[in-house]
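The values are calculated or read from the model by the stated rules, or taken from the named source; none is laboratory data. Computed from a predicted model, the values in this text were never measured in an experiment. Using ideal geometry, Cβ is built from the backbone for each residue, glycine included, and neighbour counts are taken over all protein chains shown. Just so you know, the surface numbers come from the protein's heavy atoms only, side chains and all, with ligands and any DNA or RNA stripped out. Shrake-Rupley method; radii C 1.70, N 1.55, O 1.52, S 1.80 Å.
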Amino acid sequence: MSSDEEKQLRAGLFHATEQGYAVLAKGGSATDAVETAVQALEDNPLFNAGKGAVFNRDGVNQLEASIMNGNANSAGAATLLTTVKNPVSLARKIMESDFHVFLCGPGAEHYAREQGLEIVDPSYFWTKHRWEQHE
């Protein structure tokens, strides 16, 4: 990793931390802060979450996320996602649902649409850097 790449990664981490802290500074919950910070990482192609996700064996970006709230003894998770822009937000919706803990694949993506989460074309997640790593 070059020093420039390291600087970019550190800046991305700092941005995510700032985003989460801003939520807390406004009185938001720890769960709100975590979701916001992880969304910042998912939206940054330098990280392997969301945009910039690694490719699976078949050359497809498949994403997953989980989130927990220790005070509420609750958790939510989703896997095998290919169209949910921010998987952490889906994991949170699942955690806050009355009947789900873990969803996968098309069923998880259907639930994301029902919950009004942003859905993107699978090509959104593709980055040249991750594709070169895959090849």
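For this structure, a couple of remarks:
Residues checked against (1) open to solvent by 60 Å² or more (accessible area, probe 1.4 Å); (2) at pLDDT 95 or above; (3) not in a helix (DSSP H, G or I):
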| position | (1), (2), (3) |
| --- | --- |
| Leu9 | no, yes, no |
| Thr31 | no, yes, no |
| Thr36 | no, yes, no |
| Asn48 | yes, no, yes |
| Ile67 | no, yes, yes |
| Thr79 | no, yes, yes |
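- Residues of region 92-101 classified as surrounded by 14 or more Cβ atoms within 10 Å (Cβ to Cβ) and modelled with pLDDT of 95 or more, total: 5
- Residues of region 102-123 satisfying the condition of being of a type in the set (Phe, Trp, Tyr) and surrounded by fewer than 16 Cβ atoms within 10 Å (Cβ to Cβ): Phe102
- Within region 68-125, the set of residues being more than 20 Å from Ala49 (Cβ to Cβ) and of a type in the set (Lys, Arg) comprises just one member, Arg113.
- In region 81-135, of all residues being part of a helix (DSSP H, G or I) and touching an Asp or Glu at 6+ places or on another chain (Cβ under 7 Å), the one that is farthest from Leu41 (Cα to Cα) corresponds to Arg92.
- Of the residues making up region 11-29, those that are in contact with a Phe, Trp or Tyr (Cβ under 9 Å, 6 or more places away or on another chain) and open to solvent by 30 Å² or more (accessible area, probe 1.4 Å) number 1.
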